[in-house]
1. Report yes if residue 332 is in contact with a strand residue (DSSP E or B) (Cβ under 9 Å, 6 or more places away or on another chain), under 24 Å from residue 505 (Cβ atoms) and either assigned by TED's automatic domain parsing to the domain that holds residue 419 or surrounded by 24 or more Cβ atoms within 10 Å (Cβ to Cβ) (or both), otherwise no.
2. Tally time: how many residues in segment 154-175 are under 22 Å from the mean Cα position of the chain (by Cα), in contact (Cβ under 8 Å) with a residue 60 or more places away in the chain and either over 21 Å from residue 61 (Cα atoms) or not in a helix (DSSP H, G or I) (or both)?
3. What is the number of the single condition among (1) more than 30 Å from residue 466 (Cα to Cα); (2) buried (at least 17 other Cβ atoms within 10 Å of the Cβ) that residue 314 does not meet?
4. Can you work out which of the residues in segment 374-395 that are in contact (Cβ under 8 Å) with a residue 24 or more places away in the chain and in a loop (DSSP other than H, G, I, E, B) is nearest to residue 342 (Cα to Cα)?
5. Report yes if residue 499 is assigned by TED's automatic domain parsing to the domain that holds residue 415, on the phi > 0 side of the Ramachandran plot and either part of a loop (DSSP other than H, G, I, E, B) or buried (at least 16 other Cβ atoms within 10 Å of the Cβ) (or both), otherwise no.
6. I'd like the full set of residues that are under 13 Å from residue 220 (Cβ atoms) and either at pLDDT below 95 or touching a strand residue (DSSP E or B) at 6+ places or on another chain (Cβ under 8 Å) (or both), limited to segment 496-507.
7. Consider residue 434 carefully, then state whether it is in a loop (DSSP other than H, G, I, E, B), on the phi < 0 side of the Ramachandran plot and over 30 Å from the mean Cα position of the chain (by Cα).
8. If a residue has to be surrounded by fewer than 16 Cβ atoms within 10 Å (Cβ to Cβ) and under 27 Å from residue 183 (Cβ atoms) to count, how many in segment 225-259 make the cut?
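The values are calculated or read from the model by the stated rules, or taken from the named source; none is laboratory data. Everything quoted here is computed from the prediction, not taken from an experiment. FYI the Cβ positions are ideal-geometry reconstructions off the backbone, even for glycines, and counts take in every protein chain you see.
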């Protein structure tokens, strides 16, 4: 008998409560049972503490690795589980930067950064914030395009939720498997139109993951409140259907009725589980993107970044181009190549900006023209146009001659959202240069391989006169003896800042007015020196400062229009700053 049990038994005997062997035996049995439970409980507590310690190192939200202090290592039973060095976050950022630099190419760097996010999110975001202009192109465009094409080949571990249409009727159950209790932002895609690459099915999950990384890195939305989701409804990409390594459903996409029922179930479940959560719809094809936006934008907090975010960043670029030319928005005439949801979304917001500048609605829309694969959108084609395209149907003869339309319409700006590489050829650039002292040329298609022209082509084709911005980044170049940094009109200037404003105010809706305000606020952040250097957007290394300004302006509108769920602060800039996530190692104790 163990001495603990013997002591217990002796105490019982000394009290005179048992004197015979039967009592002694019964007491010993009871003591043995008590002892086993005590030892078992002690062992279980020890094992639980060890499991918690192990969890600290394996949970990307809590892991600090060599950042754990000696006291934390002792308190959390981490001694012996880590190298002896105790390092600051700054020191660990320097090591991670060197490790990233050692990768052979950008796709390898993407894989490295994805692994870092899975291991230590604090370190991951600290690294991104340390040099935004260096790392953001690696976690999003242009690198994310290649990453999505090869997503099933570079896959290491799962992040986010995959909701297959085969589980229709059980989505609430599947969503509840997510372990974080509070989700404020979701980026969701169905993989049907990933960048300019087409139907990538579940390989498109790289887009929601990358977008949400930018929410936190570019603006400061706390990462623990974000969730990437793939609505896997199949794919019409035959290459994937026949690929043994493709990880999504190997079936064709469903009919519209089944599809919309599935999306309805998804949005209803999200609103039930995470009421007030904002859903960003991303890279849905033209046939679904606009109808989903139209259906849901007045029901709950949501937006479509391809339509509304792209519109805001393009409109901001036009505002700064107007500053460079000493003109106003109402003086502009815009010709688009590409008339999908993105092109029409940009056109709508530009028309709103023109109306804010004094034009009536009819005149504003008459100063915006769009081309699609069948040529100019005209009234004679009205029956074949999508509902969102009809506002741009021109009273003009049908034509497929883009250069001829430049000469006839005399646009001050051309905007490319066609995903046709090289569409802004020498003839297009020459025509724009002949009718404009400072032609505005925005090839916005992503990724770089689908851009309508390169920065070098735009500057060379206009004798350096161009006001240029693109959707994907281009390297610096020399123009007329001066070093030029081509502007990138990336949505990263808009959606993270908008998200920060929505997060801080607990906004109930996202409205068109917020996007126009965001565009105006973004244009305000460009300094005169930056404008004179040829930039139309601020340098990415100022992204957090810029996002704070844009978020504060959008928050003002949220409060003005009654969409906030918190009290209005007296200092809006300070209010936004208080809600901005800054990566740092927090103390941990079991």
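1. For residue 332, the condition - in contact with a strand residue (DSSP E or B) (Cβ under 9 Å, 6 or more places away or on another chain), under 24 Å from residue 505 (Cβ atoms) and either assigned by TED's automatic domain parsing to the domain that holds residue 419 or surrounded by 24 or more Cβ atoms within 10 Å (Cβ to Cβ) (or both) - is not met.
2. First, pick out the residues of segment 154-175 that are under 22 Å from the mean Cα position of the chain (by Cα): 154-164, 175.
Next cut, in contact (Cβ under 8 Å) with a residue 60 or more places away in the chain only: 155, 159-164, 175.
From what's left, either over 21 Å from residue 61 (Cα atoms) or not in a helix (DSSP H, G or I) (or both): 155, 159-164.
Count: 7.
3. For residue 314, the failing item is (1).
4. Applying the first criterion (in contact (Cβ under 8 Å) with a residue 24 or more places away in the chain) to segment 374-395 yields 374-377, 386-389, 391-392, 394.
This time we only want the ones that are in a loop (DSSP other than H, G, I, E, B), so: 374, 377, 386.
Values: 374: 17, 377: 15, 386: 13 Å.
Restricting to residues being in contact (Cβ under 8 Å) with a residue 24 or more places away in the chain and in a loop (DSSP other than H, G, I, E, B), the top hit is 386.
5. Values: assigned by TED's automatic domain parsing to the domain that holds residue 415: yes; on the phi > 0 side of the Ramachandran plot: no; either part of a loop (DSSP other than H, G, I, E, B) or buried (at least 16 other Cβ atoms within 10 Å of the Cβ) (or both): yes.
Answer is no for this residue.
6. If we filter segment 496-507 for residues that are under 13 Å from residue 220 (Cβ atoms), which is where we start, we get 496-504.
Within segment 496-507, 498, 499, 502, 503 qualify.
7. Working: in a loop (DSSP other than H, G, I, E, B): no; on the phi < 0 side of the Ramachandran plot: yes; over 30 Å from the mean Cα position of the chain (by Cα): yes.
When the stated conditions are applied, residue 434 does not pass them.
8. Of the residues in segment 225-259, 2 are surrounded by fewer than 16 Cβ atoms within 10 Å (Cβ to Cβ) and under 27 Å from residue 183 (Cβ atoms).
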